[in-house]
1. Restricting attention to segment 58-71, which residues are without any contact (Cβ under 8 Å) to a residue 40 or more places away in the chain and open to solvent by less than 70 Å² (accessible area, probe 1.4 Å)?
2. Kindly indicate the residue of segment 5-45 that is touching a residue at least 40 places away in the same chain (Cβ under 8 Å) and of a type in the set (A, V, I, L, M) and also most open to solvent (accessible area, probe 1.4 Å) among those meeting that condition.
3. Residues of segment 73-96 being of a type in the set (D, E, K, R), under 24 Å from ASP174 (Cα atoms) and open to solvent by 70 Å² or more (accessible area, probe 1.4 Å), which ones?
4. Being over 26 Å from ILE181 (Cβ atoms) and either in the same structural domain as ALA30 (by the TED database) or not aliphatic (A, V, I, L, M) (or both) is true for just one of ASP78, ASP122. Which residue is that?
5. Taking PHE356 as meeting all but one of (1) under 34 Å from the mean Cα position of the chain (by Cα); (2) at pLDDT 85 or above; (3) under 23 Å from GLN290 (Cβ atoms), write down the number of the exception.
6. Tell me, which residue of segment 97-130 that is assigned to a strand (DSSP E or B) and surrounded by 14 or more Cβ atoms within 10 Å (Cβ to Cβ) is farthest from the chain's Cα centre (by Cα)?
7. Within segment 273-291, how many residues are part of a helix (DSSP H, G or I) and either open to solvent by less than 10 Å² (accessible area, probe 1.4 Å) or in contact with a Cys (Cβ under 8 Å, 6 or more places away or on another chain) (or both)?
8. Checking PHE53 against (1) open to solvent by less than 30 Å² (accessible area, probe 1.4 Å); (2) without any contact (Cβ under 8 Å) to a residue 12 or more places away in the chain; (3) farther than 30 Å from GLN144 by Cβ: exactly one of these is not met. Which one?
Amino acid sequence: MIHWDKLCQNRNKGGLGFKKFNLMNQAMLAKQFWRISHNPQSLLAKTFKAKYFPHCSIHECVPKPHHSWFWRNLIQHDNPKLKDGRWWIGNGRDIPLKHSDWFNCPSHNLQNPNLITGKVADLINHNSGEWKADLVRSIYIATQCSKILSIPISKTGAVSDKILWKHSTTGQHDVRTAYKILLKDEVSKFPFQDSPHHIQTERKSLLPICFFIVLSLDGSTLAIHSSDFNNISVQAWLKNIILRLRQLDQERMEYLCSIFTFLWTIWKHRNMVTHDGKTPNPTEVILTAQSLICRFKEAFETKINHDRPNKGIQPNHQNIGGCWDLIIKIAGARKARQKRTSFAYEASNLQGRTMFSGCASSGASTITAATQEALVVSAVKAKGLVYNTAKFALKVPGPCCWVHPAFA
């Protein structure tokens, strides 16, 4: 199965160009919003105005909880750009100076005695059809003044004031343009520090900081931390590691192999998240990397034993940068309505094989207490199976499922 986000990408990026339903619905609802705004004499606009906004414009309307579901979705947009407007100036008599789509200024500036009606019409010389430049400069800051004075004014006054969509050259709402804006903003929300579902590879930083990467690195046994990757490229970081380990004895070589294996595992997991829709799981990254490292060491030491049969070197399963036999995932759960609590645990060895697991009801009154009970029960069971050291992973809400708080 191919992830839907992959199918929605452009064809030149390997997708089929399908539209995302949620974004498309927002764009089409925004079209109805602007249709009501631009056609106030239509039957639909008159009906909605009489029912929902009799004393203001649709742009100033704030939906109430008892309003219909359709109307609330029509007015409330997740992206404010769908409602961004700009004024087409006619005579300025329909544009309040405090309107949200007009230029903001300190309220005390609007106390100017030359502002009789409190409308944009007060800023216009209707005899010459030009702006009152001195009055505008006394109210607004320099950057706003230049923008206001560059707005054309109707010379005849026959054109009425009209609010247009800001992101269209014609002022008319366009569904295709709105969809592109929504899609662009959605993509911009996924730099790696904001979302664990996407990994950016174009940035100079080796691994941009995010919850998933922090858990994967800090939970590894390589004595590396996410803070080591700030403001440094992957080439520079690896070069520093290699220069530090110039004398490649067996221990340093194993450490380098472990680092490259761990980074490759993160990259592979990233591809599964991006292309297959897999949920990021740092525990899986840690266990997979550790399993590959152990398999490589076994194969390497087997070759040494074959070349030097009299030495009798035994495979060494000691972790690099740490010492633990099991990783135990524990979790607690509670149904508040039924007042029932339970816990579960699962232990895996260095190769990722499940050694034991279990679940049970608990008399604890909170999830934290149930989790502590799971920790005690799993630790006792591990001790009974002659496992002396273990790393515990706690289940937490969110897409990144596990944190590694302690050794036992």
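1. Those that are without any contact (Cβ under 8 Å) to a residue 40 or more places away in the chain and open to solvent by less than 70 Å² (accessible area, probe 1.4 Å): ILE58, CYS61, PRO63, HIS67, SER68, TRP71.
2. Across segment 5-45, the extreme among qualifying residues is MET28.
3. ASP78, LYS81, ARG86
4. After ruling out the rest, the residue left standing is ASP122.
5. (1)
6. Ranking the candidates gives ILE124 first.
7. Number satisfying all stated conditions: 5.
8. (3)
The values are calculated or read from the model by the stated rules, or taken from the named source; none is laboratory data. No experiment lies behind these values; they were computed from the predicted model shown. Glycine gets a Cβ as well: all are built from the backbone with ideal geometry, and neighbour counts include every protein chain shown. Just so you know, the surface numbers come from the protein's heavy atoms only, side chains and all, with ligands and any DNA or RNA stripped out. Shrake-Rupley method; radii C 1.70, N 1.55, O 1.52, S 1.80 Å.
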